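Below: one structure, written as structure tokens.
The values are calculated or read from the model by the stated rules, or taken from the named source; none is laboratory data. In this text, all values refer to a predicted model and were calculated from it rather than measured experimentally. Because the Cβ atoms are built from the backbone with ideal geometry, glycine has one as well, and the counts that use them run over all protein chains shown. Each accessible area value is taken on the protein alone, full model and side chains, heavy atoms only, with ligands, DNA and RNA left out. Shrake-Rupley method; radii C 1.70, N 1.55, O 1.52, S 1.80 Å.
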Amino acid sequence: MERWPALELASTIRHDGHGGVADDLATLQSTARWIHQQAELLAGHVDVAGLTVDEEVRSEIVELRRAVRALFAQAVSPAPPSRADAHRLMPVEQALAHLNAAAAREAIVPQLDWPAGAAPQMGVLSAEPDASVRLVAALARAAIDFLSGPQREQLRACNAPRCVRYFVKSHGRQEWCKPSCGNRARAARHYQRHNATPARDLPGT
């Protein structure tokens, strides 16, 4: 299954399995763990192995996530956004400005790499010495690529009970981010159908 850094960032807000919402960027330790899990996606942009995660880096990534999730909500409109933060979304214009400013913090130039016997690949060359700046800028550029690409049209907010994830729809009839969410949604619909009280049976009618 294809992974997108922007979707991975947005998905650090998720259902915790107990009826609440978990935040994978809530602590320095969990943020460092999430960053290292993205090492493959960020290869060629930043070496996460040597990155020191402090509170400033964590705060910058959290604020970038706010901007990305606000723009994801805009992308799925007029359908409802994720329930996790629908009531406190960053204004779209502010989110756009923040995303573009984060991407602009690192000056890069494209670089062509063409290993013998392999297909050519485009990389980037950066003179930015600060790995944390490169990390945030790379995440911001990935969000710009995602939101300006064809996958934006397939972006959805999962509407299964308790789920707060965004996902990219991979086939025409997909309604939920994963099968377990579909099972939970169908069970909830079944319960509602079989436990709805007809109006004529209500007291006083």
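Odds and ends about this structure:
- Residue within the stretch 86-106 that is within 26 Å of GLU2 (Cβ to Cβ) and over 18 Å from the mean Cα position of the chain (by Cα) present: yes
- Restricting attention to the stretch 75-93 and to residues that are open to solvent by 90 Å² or more (accessible area, probe 1.4 Å) and either hydroxyl-bearing (Ser, Thr, Tyr) or over 22 Å from HIS15 (Cβ atoms) (or both), the residue that is modelled with the lowest pLDDT turns out to be PRO78.
- Filter result for ALA107 (more than 12 Å from ALA140 (Cβ to Cβ), in contact with a His (Cβ under 8 Å, 6 or more places away or on another chain) and open to solvent by 70 Å² or more (accessible area, probe 1.4 Å)): no
- Scanning the stretch 29-42 for residues that are small (Gly, Ala, Ser) and open to solvent by 30 Å² or more (accessible area, probe 1.4 Å) yields a single hit, ALA39.
- Residue, surrounded by the most Cβ atoms within 10 Å (Cβ to Cβ), within the stretch 43-56, restricted to residues that are of a type in the set (A, V, I, L, M, F, W, C) and in contact with a helix residue (DSSP H, G or I) (Cβ under 6 Å, 6 or more places away or on another chain): VAL46
- Subset tally (residues that are touching a strand residue (DSSP E or B) at 6+ places or on another chain (Cβ under 6 Å) and farther than 22 Å from ARG152 by Cα) for the stretch 1-22: 2
- Boolean, VAL21 is open to solvent by 70 Å² or more (accessible area, probe 1.4 Å) and touching a His at 6+ places or on another chain (Cβ under 7 Å): yes
- Test result for ALA32, of a type outside the set (Val, Ile, Thr), in a helix (DSSP H, G or I) and without any contact (Cβ under 8 Å) to a residue 24 or more places away in the chain: yes
- Residues being polar (S, T, N, Q) and part of a helix (DSSP H, G or I) - total across the stretch 74-119: 3
- Of all residues making up the stretch 127-168, the number that are open to solvent by 40 Å² or more (accessible area, probe 1.4 Å) and small (Gly, Ala, Ser): 2
- When the stretch 1-29 is filtered for residues that are among the β-branched types (Val, Ile, Thr), closer than 23 Å to ALA103 by Cα and part of a loop (DSSP other than H, G, I, E, B), only THR12 remains.
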